[in-house]
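Asker: This is the structure I have questions about; it appears just below.
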Amino acid sequence: MSVFDSLVGQSEVVERLKSATSAATSGSTTQEMVHSWLFVGPAGSGRSNAAVAFAAALVCSQSGCGTCRDCQTVLTGTHIDVERFNPTGLSIKAEEVRELIARSAWSPSVGPWRIVIIEDADRLTETAANALLKTIEEPETHTLWFLCAPTLSDVSITIRSRCRHLQLRTPSKTSVEEFLLTNTSVDSKTAAFAARVSQGHIGRARFIATNQEAQSRRKDVLALAFSLKDIDSCFKAASRLLDTAQEQAESENSERDSKQLKQLQDAYQGTGRSLISGGSKAIKDLEKEQKSATTRSIRDNLDSALLDIATIYRDVLVTQSGSDEILNIDLKAEVAEFASTTTPKRSIERIEAILEARINLGRNSAPLSTLEALFCALK
Ligand SMILES: [Zn+2]
């Protein structure tokens with residue numbers, strides 16, 4: 001077993017990480033190992049998993065056995081020398097980066113390295129990126145920086161020119177299917193279905209394959225594409241989609257939020273009922289942070305729902321071109337019927353409208369009006 005086993009369909013990247021690991025372990029002064037790495041790949045390709053696996057391999061005495069205490073703690077995010085910075089807000093601020101830099105300078109406690117993983121480095125603000133630049137340029141000898149982003153152009157040119165790049169690919173349908181069969185207990189039919197509809201997104205494939213609620217939510221979302229008849233139905237679909245994304249975000253976050261709040265309240269509990277000094281400010285800050293995390297979850301859920309809806313129009317286009325290689329095999333009849341009522345040109349326009357809405361949502365446009373405009377354009 002190796003920590004790299006979980007990287008599906010990424011043999012090239014795995015080879016490079018393995019040779020970097022052995023160069024780092026042997027202390028040889030070859031070119032394989034550097035201090036700053038940039039992992040890029042589309043959502044779901046496993047770019048943060050690759051960074052985490054690499055970190056485990058570097059702190060493990062057996063180059064990433066996957067079972068020892070070091071490997072396990074890195075994988076679960078509790079290793080003392082490996083910090084996974086996963087921004088909950090919509091952007092990473094300079095202040096947060098400065099705190100990370102200060103911690104990164106500490107000597108490692110158990111292994112040879114202190115490793116900082118910044119997931120979603122595309123969310124660095126310009127000042128945050130500038131704050132990081134000098135550190136990445138001249139890092140402490142014991143500190144490694146792993147940055148993750150969807151594409152190279154999501155990271156400022158000054159940052160990326162100082163990192164070694166690793167490009168992850170969208171894994172093939174077959175490799176996702178094999179991954180599900182080996183790592184979950186689902187049957188082959190479910191694995192094939194989830195691999196097909198998730199389009200190479202490992203996390204989503206696993207979620208759909210193993211979660212009934214996710215399967216029915218996907219069906220509800222896709223049904224919206226077939227419900228758009230007039231302005232009224234478009235507006236209804238928009239608010240329905242937003243409600244679904246909100247409910248999903250709340251159910252995902254509420255348990256964690258109340259646990260964090262309770263811990264903080266306990267930490268600031270004085271004698272009697274009052275909080276000791278600083279308590280109410282800390283609680284206010286936490287609540288603000290949680291609110292921004294929920295906003296981000298809602299946007300992420302909307303984005304993934306829109307990607308799902310786009311697959312319907314993609315399937316319609318495929319059907320119109322005479323092929324039956326559709327993704328949503330469970331909706332074949334609906335797709336075929338829809339395809340007969342519209343033209344390939346309209347299908348392309350619809351896919352483009354979804355892309356535009358996703359870009360607008362990414363730029364913080366108001367979700368409801370963006371969705372209303374989108375569904376009217378899809379009608
Ligand atoms: Zn290990």
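No lab work stands behind these numbers, since they all come straight from the coordinates. All values derive from a computational prediction rather than experimental measurement. Positions of Cβ are backbone-derived with ideal geometry, glycine not excepted, and every protein chain shown enters the neighbour counts.
Asker: With all pairs of different alpha carbon atoms counted, what Kirkwood hydrodynamic radius in Å does the range 190-240 show?
Answerer: For the range 190-240, the Kirkwood estimate is 12.0 Å.
Asker: In Å and whole numbers, how far do the C-alpha atoms of the range 231-378 stretch along each principal axis, longest first?
Answerer: Ordered largest first, the range 231-378 gives principal extents of 74, 27, 24 Å.
Asker: Sticking with this structure for a sec: Consider all pairwise Cα distances in the range 130-273 and report the whole-number % of them above 19 Å.
Answerer: Value for the range 130-273 (Cα pairs over 19 Å): 73 percent.
Asker: On C-alpha positions alone, give me the angle between the axis of helix 344-362 and the longest principal axis of the chain, in degrees, nearest 10.
Answerer: For helix 344-362, the angle is close to 40 degrees.
Asker: Next question. For the range 281-379, run through the GluC sites (Glu not before Pro) and keep only the ones in DSSP coil with at most 14 other Cβ atoms within 10 Å of their Cβ.
Answerer: Loop-located and lightly packed - GLU325.
Asker: Okay, next question. I'd like the orientation of helix 279-320 relative to the chain: the angle between its Cα long axis and the longest Cα principal axis, in ° from 0 to 90, rounded to 10.
Answerer: Its long axis makes an angle of about 40 degrees.
Asker: What 222 nm value per residue comes from the helices of the chain, counting each DSSP H run with n ≥ 4 as -39,500 (n - 2.57) and dividing by all residues, nearest 500 deg cm²/dmol?
Answerer: Mean residue ellipticity at 222 nm (helix-derived): -19500 deg cm²/dmol.
Asker: Could you sort out which of LYS259/LYS281; LYS18/LYS173; LYS93/LYS259; LYS291/LYS332; LYS93/LYS236 sit more than 29 Å apart by Cα distance in this structure?
Answerer: Pairs exceeding 29 Å: LYS291/LYS332; LYS93/LYS236.
Asker: P(r) of the range 3-167 in 10 Å steps, Cα pairs, percent per bin?
Answerer: Bins of 10 Å from zero give 11, 43, 38, 8, 0 percent of pairs.
Asker: Could you put MET33, MET1 in order, starting from the residue whose Cβ has the fewest other Cβ atoms within 10 Å?
Answerer: Ordered by Cβ neighbours within 10 Å, fewest first: MET1, MET33.
Asker: With no solvent and one equal point scatterer placed on each C-alpha of the range 148-195, evaluate the Debye formula and give log10 I(q)/I(0) for q = 0.13, 0.16, 0.24 Å⁻¹, two decimals.
Answerer: -0.49, -0.59, -0.78
Asker: Amide H of THR143: which non-local residues (sequence gap of 5 or more, or other chain) have their own amide H closer than 5 Å, using H built in the peptide plane?
Answerer: Sorted by chain and number, the residues that satisfy this are ARG114.
Asker: Quick one: compute a quarter of the convex hull surface over the Cα atoms of the range 1-90 and quote it in nm².
Answerer: It is 6.5 nm².
Asker: Taking Cα atoms, how many degrees apart are the long axis of helix 173-183 and the longest axis of the chain, rounded to 10 and kept between 0 and 90?
Answerer: Taking the Cα atoms of the chain, the angle to 173-183 is about 60 degrees.
Asker: Along each of the three principal axes of the Cα atoms of the chain, give the extent in whole Å, ordering the values from largest to smallest.
Answerer: That gives 65, 57, 42 Å along the principal axes, largest extent first.
Asker: For the range 212-299, which trypsin sites (Lys or Arg not before Pro) are in a loop by DSSP, counting at most 10 other Cβ atoms within 10 Å?
Answerer: Taking the range 212-299 and a limit of 10 other Cβ atoms within 10 Å, the loop trypsin sites (Lys or Arg not before Pro) found are LYS229, ARG273.
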